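J.: Submitted below is the structure of interest, expressed as structure tokens.
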Amino acid sequence: MSGRNSAKNFYKVYSSYTELPMDDKGHIFKGLGAGKTYDMFTPLFGMGSGFYQKAIHGIWVEPGMRILDLGCGTGKLLFALADQAPADSEFYGCDYSPDQLRYAERVAVRYRQRIHFTHASMDELRFPDSYFDIVMSSMALHAANPGIRKKAISELSRMLKANCIFLLLESGTPRFGLLTLLFSLFGKMHTRNAYDPCLTDEYCRGSCLKIAKESYLNSLVRRQIFRKY
């Protein structure tokens with residue numbers, strides 16, 4: 001009986017994670033599905049602390065650099081990089097969910113770097129051209145509507161300095177594994193027209209972003225490093 005209840009509870013949590021409120025921009029984490037609860041349950045989907053350490057491997061932040069995290073959520077990727085960055089580097093995070101940002105702001109006080117958060121859709125940022133040394137995004141593009149993804153990629157390229165990098169962690173072509181099975185059975189990430197990684201690659205190529213490295217962090221999430229030319 002306890003095993004049946006555990007499975008039922010897991011499905012309930014999973015459903016609330018994947019079936020998010022949506023508007024013309026995309027899906028939004030809010031209320032009980034955001035903040036601390038979000039951070040508690042994302043490891044169930046393969047995104048624990050080890051995931052973010054693998055994600056930032058080989059990404060070096062030099063003094064004075066500016067880093068932008070698009071769709072930063074609770075800031076897990078941003079904070080993982082800040083942990084190893086110089087004190088005079090500067091971090092920016094944007095997200096469409098006020099609830100996610102409020103939690104991230106509470107965590108940010110532990111860090112020595114200047115960390116700024118902006119409540120905005122990823123296609124609406126107004127930073128100057130060539131302002132950032134690193135732009136990154138983790139599992140956020142798939143939650144945005146297709147038109148938003150395309151414009152966001154164009155904008156991040158505009159804001160990124162020449163010869164600097166864009167780190168993208170997103171759904172790739174599914175590989176065999178438990179995580180892929182869970183998303184296939186219950187999630188919506190790979191339903192028709194939900195998210196097309198090949199189309200995202202095309203958007204990047206069309207925005208002066210050339211792939212430099214590519215690997216998988218688990219059976220579902222692809223890690224890509226693009227360089228702006």
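J.: Restricting attention to segment 100-116, does a residue exist that is of a type in the set (Gly, Ala, Ser), in a loop (DSSP other than H, G, I, E, B) and open to solvent by less than 60 Å² (accessible area, probe 1.4 Å)?
T.: Within segment 100-116 (the criterion being of a type in the set (Gly, Ala, Ser), in a loop (DSSP other than H, G, I, E, B) and open to solvent by less than 60 Å² (accessible area, probe 1.4 Å)), the answer is no, since none of the residues qualifies.
J.: Quick check on Ser137: is it open to solvent by 50 Å² or more (accessible area, probe 1.4 Å) and either modelled with pLDDT under 95 or within 29 Å of Leu220 (Cα to Cα) (or both)?
T.: no
J.: Would you mind finding the one in Ile59, Ile67 that is in a strand (DSSP E or B) and closer than 23 Å to Asp133 by Cβ?
T.: On the way: Ile59 fails: in a strand (DSSP E or B).
Criteria check complete, one pass: Ile67.
J.: Restricting to segment 119-134, and then to whatever is open to solvent by less than 50 Å² (accessible area, probe 1.4 Å) and out of contact with any strand residue (DSSP E or B) (no Cβ under 7 Å at 6 or more places or on another chain), can you tell me which residue is farthest from Cys72 (Cα to Cα)?
T.: Per the stated criteria, the residue is Phe127.
J.: Something else about it: Only residues that are assigned to a strand (DSSP E or B) and open to solvent by 10 Å² or more (accessible area, probe 1.4 Å): list them for segment 145-164, please. Give the derivation first.
T.: Our first condition is that a residue be assigned to a strand (DSSP E or B); within segment 145-164, this holds for 160-164.
Selection gives Lys161, Ala162, Asn163, Cys164.
J.: Can you name the number of the only condition in (1) without any contact (Cβ under 8 Å) to a residue 60 or more places away in the chain; (2) crowded, with 22+ Cβ neighbours inside 10 Å that Pro86 fails?
T.: Every listed condition holds for Pro86 apart from (2).
The values are calculated or read from the model by the stated rules, or taken from the named source; none is laboratory data. Here the structure is a predicted model, which means the values were calculated and not measured. Because the Cβ atoms are built from the backbone with ideal geometry, glycine has one as well, and the counts that use them run over all protein chains shown. Side chains are part of the model used for accessible areas, which takes the heavy atoms of the whole protein and leaves out ligands, DNA and RNA. Shrake-Rupley method; radii C 1.70, N 1.55, O 1.52, S 1.80 Å.
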